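Taken together, the values in this text are just the output of simple stated rules run on the coordinates, not laboratory data. For clarity, every value in this text was computed on a predicted model and none was experimentally measured. In this analysis, Cβ positions are derived from the backbone assuming ideal geometry, glycine residues included, and neighbour counts consider all displayed protein chains.
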C-alpha cells in the first residue's frame, strides 16, 4: 500500500506532521543538506520538472519546464496570488525567489487561502522533482534513515526575509520533513516492487521445475522405449519387454512398469512370459487372462 496518494491529499502542517511521525528515522544520525547539492530545492538543472497546461490564448496544451523545485514553487505562488502573468514571469526570471514576491495588496487579498496551500504546494513541487528524476531519488535514498537537516537561508535582503508568508513557519524544518516523507514513500514503493519481483521469480522457478519434471519424465520413457528386447511390431498387447521391465501396449508402444503404471488394468498373456516368477513379482497388480 502506498504511503499516501498524491492525487487526493492536501499537505497542510497537521497532515505533514502526521506522515512525518510514521517515518522510520534514526534521529541521532544527522544528515546536513548543503545548498549546492541536488537534494536542495534550489538546485537547478535543465528541464528538471516537466508539466503541461492548457493555454487559453492559443487554446492548446503546452509543455512547461522548470529548472528547480524552487522555481516551480515561486512560479505557482506568483500565479496563485497575482495571476498568470506573474506566474510566467517567475518561471522565466533569473531570480525566481524575488520574482515570486507579489505586492502587499495582492497578498493580503488572498493570504488566508494561500496559508492553506503553501505547504501543499512546496511538498508537491519537491515530490515531482524526485519522481521525475531517478538519480535525484537514488541520492535521497542513499541518506538511509538519517535525520535530514536543511540549511538556513543566507540572504541579507530584508524585504525577502520579512515576507509575510514566512512569518510563523520554520521553512527549513518543513522542507526537511518534506524530504524525509518523500524518502519514506520512495523506499516503501521500492520495497513493494522488490517483493513483487521476488514473488514473480519464485512462481517462475516453481513453474520451471514442474515443466522440467514433465520433460524429464518424457525423456525417461522415450529412452526406455528404445531398450525393448522384442520386436514390438509383432508383439501382442501386454507382451513383456526390456528384460521384463516394461510391456507393449495396444498401440505397440513400450511402457515402463512403475507405480503409477501398475495401477492400470493390463491384460497380459501368460504364454508370452518366459520368466514367469520374475514377471509375477514385478507385476503383482496386473490382471491376467487367457489362463
Global form of region 1-51, assessed from the alpha-carbon gyration tensor, a/c cut-off 1.5: oblate
What FRET efficiency comes out for the pair residue 141/residue 28, r = Cβ-Cβ distance, R0 = 25 Å, nearest 0.05? 0.80
Rounded to the nearest 0.05, what FRET efficiency do residue 58 and residue 8 give with R0 = 35 Å and r taken as the Cβ-Cβ distance? Could you check? 0.70
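Could you tell me the relative contact order of region 13-197? Use alpha-carbon pairs under 8 Å, at least six residues apart, and round to a whole percent.
26
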All alpha-carbon distances of region 37-101, grouped into 5 Å bins from 0, give the whole-percent distribution 4, 19, 27, 25, 16, 6, 2, 1
Take the Cβ-Cβ distance between residue 194 and residue 108 as r, set R0 to 35 Å, and report the resulting FRET efficiency rounded to the nearest 0.05. 0.10
DSSP-defined antiparallel bridges as percent of all bridges, region 13-197, nearest 5: 65
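Order these peptides, 9-20, 66-77, by their mean beta-carbon neighbour count within 10 angstrom, highest first.
Values: 9-20: 15.3, 66-77: 23.4.
Going from most to least packed, we get 66-77, 9-20.
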